[in-house]
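Only one structure is covered here, and it is reproduced in the block below.
FYI, it's all coordinate maths here, none of it is from the lab. Quick caveat: nothing in here was measured; it's all calculated off a predicted structure. Counting neighbours? That spans all protein chains shown, and the Cβs are built from the backbone with ideal geometry, glycine included.
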Amino acid sequence: MNVLRASYQGLSEECRGDGGLTVVEVLTGGSERYALEAYDACKPKAFALVAGPSRNALAAALEAAAALPKAGVFFVKSAEEREEAFKVLTRLDKFFGARIALVGQKAPWLVAPGYTEEDLRNIFDAKIESIKKSLIVEKFEEVKDDEVKDLVESIGVGATKVEVSREDLVKAAKLHVALSETLKGYKALSISCFELMKDVAVTPCLSVALLNSANVPTACEGDTNSLLAQVLSYAARGRVGGIFNLDYLDAKLVAFAHCTAPLTLLDRYDLTYHYETGLPLAIRGYVSKGKEITSIRLSKLGHELLEGLTVEGEELDACRTQIWAELEGEPSLIGNHRVVVDGRIKRVLSQLIRSLGLHKV
């Protein structure tokens, strides 16, 4: 990550030209042209301006951003906010030039226009690698019961209710070990879960939940579009959001549902069977009323970032984890999957999107 400082006197550092993320801390007014010079010199994949309320710094940052094809503006009012802004940008920076693994193809029902593996390659200059499903299956068959004993105990003890057999839980834990070890070293993952479960008779839902809880963005159903949203949720919040279907929509009242919710999003969880297939194992998670959340939908039809509060709702005939929420805006008809993360991060997400140049869809 290039970090430069700009004032009316010029730039304090020279660009290393690594082509990843460049951050210019704008210190004063009159520095607009130097911010533009930094952009031209660094040739960044992402560009961010950080500015405070003094010495016309924000005014200069806003003027410069409007003249650039990509530039997020992070307004910081204190030393603490400045530190947090740099934490956000540091988390984003880890994905430039990273290795991203794809296990299988996107599910055939994901037909809405979205960001593809080629887009991820271009956005992050990432190394996209296709992993053969057979490698996962082979590793799954090699994992011994003793290797997953501790994991089985911790997951089982943490659950409020366990509706699956111990044998089922062992199989799910073995698949998690197989995925984790085979895909070690990758910064983000996309898994064609329905194709994989045909060969192992167990879903990767537990593994997806655990990987996302460990802040490894992991998309189910081969959904690279939602994977991008998960990466941004991690950068903005420090936690990876979970992928959900939008299963109820009445103005601003919605219900999100899926079987792979990150445990970090939940107050408690049960271990049960997968909704569509009846196979083991799925996460039935619960989120208490009044929790702040942000719903993210990225799309080539436009982006949707909505904050809201969780509310109580009825149980639907739908995927196992169900989160009801009253959002502060109505969802748009730009596709199904949403990434849901706790906290209010719309403002930060907006600037990350602008930093990557994704606001011009």
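Couple of notes before you dig in:
- With neighbours defined as other Cβ atoms within 10 Å of a residue's Cβ, the residues 7, 130 order from fewest to most as 130, 7.
- The chain: angle of helix 57-66 to the longest principal axis, Cα-based, in degrees nearest 10: 70 degrees
- Relative contact order (%) - the range 16-63, alpha-carbon pairs under 8 angstrom, separation at least six: 50 percent
- In degrees, nearest ten, helix 346-355 long axis to first principal axis of the chain (Cα): 70 degrees
- Sorted by Cβ neighbour density within 10 Å, fewest at the top, the residues 154, 180: 154, 180
- For peptides 219-230, 348-359, 86-97, sequence by mean Cβ density within 10 Å, most packed first: 219-230, 348-359, 86-97
- Note on residue 87 and residue 129: the extension gain reaches 12.3 nm, defined as 0.36 nm multiplied by sequence separation minus the Cα-Cα distance.
- Our summary gives the chain a relative contact order of 15 percent, counting only alpha carbon pairs under 8 angstrom and 6 or more residues apart.
- Think of each Lys and Arg Cβ as +1 and each Asp and Glu Cβ as -1; about the Cα centre, that makes the dipole of the chain roughly 860 debye.
- Charge dipole of the range 1-148 about the Cα centre (unit charges at C-beta), most positive-ward option of 98, 78, 58: 58
- Under 20 Å of direct C-alpha separation, and excluding same-chain neighbours fewer than eight residues apart, residue 106 reaches these aspartates and glutamates: 117, 118, 119, 129, 195, 199, 221, 223, 276.
- DSSP finds beta bridges in the range 99-355, and of those with both partners inside it, around 70 percent are antiparallel.
- Look at the alpha carbon pairs under 8 Å that are at least 6 residues apart: their mean separation over the length of the range 215-273 gives a relative contact order of 23 percent.
- Sequence-distant lysines (8 or more away, or on other chains) whose Cα lies within less than 28 Å of residue 149: 132, 133, 139, 161, 171, 174, 184, 187, 198
- Prolate is the label for the chain. Its Cα gyration tensor axes, ordered a ≥ b ≥ c, give a/c of at least 1.5 and a/b above b/c.
- Cross-link reach is defined here as a Cα-Cα straight distance under 19 Å, omitting same-chain residues fewer than 8 places apart; for residue 77 the aspartates and glutamates meeting it are 25, 63.
- Tilt relative to the chain, helix 79-93 - C-alpha long axis, 0 to 90 degrees, to 10: 60 degrees
- Relative intensity, log₁₀ I(q)/I(0), of the range 2-93 from a Debye sum that treats every alpha carbon as a point, q = 0.12 Å⁻¹: -0.29
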